Amino acid sequence: MSESPARKPAVIRKRFPWGWVILAGIGVVALGALLAAKGAPTPVSVSSPTVFKAGERNPLVTASGYLVARTRATLSSKVLGRVSWLGVQEGSRVVRGQILARLESPDLAAARDQVKAQLDQAAVDLDRAAKLQAQGIQDAATVDKLRSQKLTLEAQLAYQNALLESMALKAPFSGVVTQKLSEVGETVAPGSAGGANAINAILVMADLDTLEVEVEVNEASIARLKRGMPAEIRVDALDGQGAHAVLKGRLREIYPSSNRQKAVVIVRVALVEKDPLLVPDMGAKVTFLGDPYPQDVVVLGREQVKKQGGKAYAWVVEGDVAVQKSLTVLAENPIGLEVSGLPKDAKLIVAPPESLKPGARVKVKG
């Protein structure tokens, strides 16, 4: 029995390959998107080269370190005693000779008074004996003995006065108290170690007018430095203050010793410009400056200079295409490489992709 004509269209619709049609359509769309992406410009980021103007100094060496006070002292007692009075706090400004603290000294005062009384009596005895000698009643030996006794007591009194004076702690120079290490009522003793290792110290003070930067310079770079050369100092605490964040300095001293573990040499840089915010132990970075540039110089980062076949080049954007710009490396400094053959207003491609080809169309991001 044959099928009726009314059912034939339904069979045709059921067997038509709609899946293949849809799959082919997706392939056509994907191929079109691929061709469109292949012809689209590559998005890149650009930056400008660093330019040093004629007359600006050449940066030679960069080193990091900390602010230190050239005049600094940890003050401790010369004798054993208990702190009875403390006249300063952290941040107190003091002048040379100012009394900063006192130790209890009633026993020393009593001993001094005793010697003073003995000295007064010895002076009276010597004066009486001298008058008797003048009358021929007293012999010369007794007078000499009394005179020697008086001199001995005078020396003892001077010693007792010196002990009493040592119970008052005085400022050895004008400066600022940076640390208070003892309180009233605590017993302190003289220490055999000085500086920061002083035992039972009372105060630490520094002259902030002598602040300078202490940095460690690699041995390989020390030959490029010389005493008195200018430097730029960037203190971490002054970041965000614009031009005030960079201070002028001068290389004051290169220490005549090296650290064999680190292979570095200590260098001290004096501050030509000061800021009231600066205190010891702040972090700082120093750039030592060489001779001024005779003409404008373009400086690129080391990662921006590529090499191929022994020749140096950089990726730049000219118009809307990527170009390999040939360079000549002139010198090297802490910032990067000094080059020629590149315009000062060149658009450098930042991190060019590996697939980038000369002449490829590019689009600058942003």
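The values are calculated or read from the model by the stated rules, or taken from the named source; none is laboratory data. Because the structure is a prediction, the values reported are computed rather than measured. Positions of Cβ are generated from backbone atoms using ideal geometry, with glycine treated the same way; all protein chains shown enter the neighbour counts.
If the requirement is being farther than 24 Å from PHE52 by Cβ, touching a strand residue (DSSP E or B) at 6+ places or on another chain (Cβ under 7 Å) and surrounded by 13 or more Cβ atoms within 10 Å (Cβ to Cβ), which of these qualifies: VAL286, VAL269, VAL235, VAL264?
Details: VAL286 fails: farther than 24 Å from PHE52 by Cβ; VAL269 fails: farther than 24 Å from PHE52 by Cβ; VAL235 fails: farther than 24 Å from PHE52 by Cβ.
Testing whether each residue is farther than 24 Å from PHE52 by Cβ, touching a strand residue (DSSP E or B) at 6+ places or on another chain (Cβ under 7 Å) and surrounded by 13 or more Cβ atoms within 10 Å (Cβ to Cβ) leaves just VAL264.
Assess whether LEU330 counts as being closer than 30 Å to ILE254 by Cβ, assigned by TED's automatic domain parsing to the domain that holds ARG234 and either touching a residue at least 12 places away in the same chain (Cβ under 8 Å) or out of contact with any His (no Cβ under 6 Å at 6 or more places or on another chain) (or both).
Numbers: closer than 30 Å to ILE254 by Cβ: yes; assigned by TED's automatic domain parsing to the domain that holds ARG234: no; either touching a residue at least 12 places away in the same chain (Cβ under 8 Å) or out of contact with any His (no Cβ under 6 Å at 6 or more places or on another chain) (or both): yes.
It is false that LEU330 is closer than 30 Å to ILE254 by Cβ, assigned by TED's automatic domain parsing to the domain that holds ARG234 and either touching a residue at least 12 places away in the same chain (Cβ under 8 Å) or out of contact with any His (no Cβ under 6 Å at 6 or more places or on another chain) (or both).
Which pairs do you get when a residue that is part of a loop (DSSP other than H, G, I, E, B), found in segment 344-366, comes within reach of a residue that is exposed (fewer than 10 other Cβ atoms within 10 Å of the Cβ), reach meaning Cβ atoms under 9 angstrom, with the pair 6+ apart or on two chains?
Close Cβ pairs satisfying both conditions: ALA351/GLU303.
Within the group GLU154, GLU232, GLU165, which residue is in a strand (DSSP E or B) and at pLDDT 85 or above? Give the steps one after another, and end with the answer.
Working: GLU154 fails: in a strand (DSSP E or B); GLU165 fails: in a strand (DSSP E or B).
Answer to the selection: GLU232.
Filter segment 55-79 down to the residues that are touching a Pro at 6+ places or on another chain (Cβ under 7 Å) and part of a loop (DSSP other than H, G, I, E, B), then identify the one that is nearest to ASP236 (Cα to Cα).
GLU56
Among (1) outside the structural domain of LEU271 (by TED's automatic domain parsing); (2) out of contact with any helix residue (DSSP H, G or I) (no Cβ under 8 Å at 6 or more places or on another chain); (3) at pLDDT 90 or above, where does LYS116 come up short?
(2)
Looking only at segment 319-327, decide whether some residue is of a type in the set (Gly, Ala, Ser) and either farther than 22 Å from PRO49 by Cα or touching a Ser or Thr at 6+ places or on another chain (Cβ under 8 Å) (or both). Walk me through how you get there before you give the answer.
To start, the set of residues in segment 319-327 that are of a type in the set (Gly, Ala, Ser) comprises 319, 322, 326.
Subsequent filtering for residues that are either farther than 22 Å from PRO49 by Cα or touching a Ser or Thr at 6+ places or on another chain (Cβ under 8 Å) (or both) retains 322.
Yes, segment 319-327 contains a residue that is of a type in the set (Gly, Ala, Ser) and either farther than 22 Å from PRO49 by Cα or touching a Ser or Thr at 6+ places or on another chain (Cβ under 8 Å) (or both).
Only one residue in LEU278, LEU289 is closer than 30 Å to LEU238 by Cα, out of contact with any helix residue (DSSP H, G or I) (no Cβ under 6 Å at 6 or more places or on another chain) and assigned to a loop (DSSP other than H, G, I, E, B). Which one? So that I can check it myself, show each step before the final result.
Details: LEU289 fails: assigned to a loop (DSSP other than H, G, I, E, B).
On inspection, the qualifying residue turns out to be LEU278.
For GLN308, state whether it is in the same structural domain as ASN333 (by TED's automatic domain parsing) and exposed (fewer than 12 other Cβ atoms within 10 Å of the Cβ).
On the way: in the same structural domain as ASN333 (by TED's automatic domain parsing): yes; exposed (fewer than 12 other Cβ atoms within 10 Å of the Cβ): yes.
Spelling it out, GLN308 is indeed in the same structural domain as ASN333 (by TED's automatic domain parsing) and exposed (fewer than 12 other Cβ atoms within 10 Å of the Cβ).
Kindly evaluate ALA284 against the criterion of being in a strand (DSSP E or B) and within 32 Å of the chain's Cα centre (by Cα). Steps first, please.
On the way: in a strand (DSSP E or B): yes; within 32 Å of the chain's Cα centre (by Cα): yes.
Yes.
Residue pairs, Cβ under 7 Å, 6 or more apart or interchain, first in segment 50-65 and more than 23 Å from LEU278 (Cβ to Cβ) and of a type in the set (Lys, Arg), second modelled with pLDDT under 90 and not in a strand (DSSP E or B). List them.
Note: pairs meeting the criteria are LYS53/ASP296.
Could you please let me know if LEU327 is modelled with pLDDT of 85 or more, closer than 30 Å to TYR66 by Cα and among the aliphatic types (A, V, I, L, M)? Walk me through how you get there before you give the answer.
Working: modelled with pLDDT of 85 or more: yes; closer than 30 Å to TYR66 by Cα: no; among the aliphatic types (A, V, I, L, M): yes.
When the stated conditions are applied, LEU327 does not pass them.
Return the only residue of ARG102, ARG96, ARG15, ARG7 being loosely packed, with under 15 Cβ neighbours inside 10 Å, touching a Phe, Trp or Tyr at 6+ places or on another chain (Cβ under 7 Å) and either at pLDDT 85 or above or more than 30 Å from LEU238 (Cα to Cα) (or both).
On the way: ARG102 fails: loosely packed, with under 15 Cβ neighbours inside 10 Å; ARG15 fails: touching a Phe, Trp or Tyr at 6+ places or on another chain (Cβ under 7 Å); ARG7 fails: touching a Phe, Trp or Tyr at 6+ places or on another chain (Cβ under 7 Å).
Sole residue among the options that is loosely packed, with under 15 Cβ neighbours inside 10 Å, touching a Phe, Trp or Tyr at 6+ places or on another chain (Cβ under 7 Å) and either at pLDDT 85 or above or more than 30 Å from LEU238 (Cα to Cα) (or both): ARG96.
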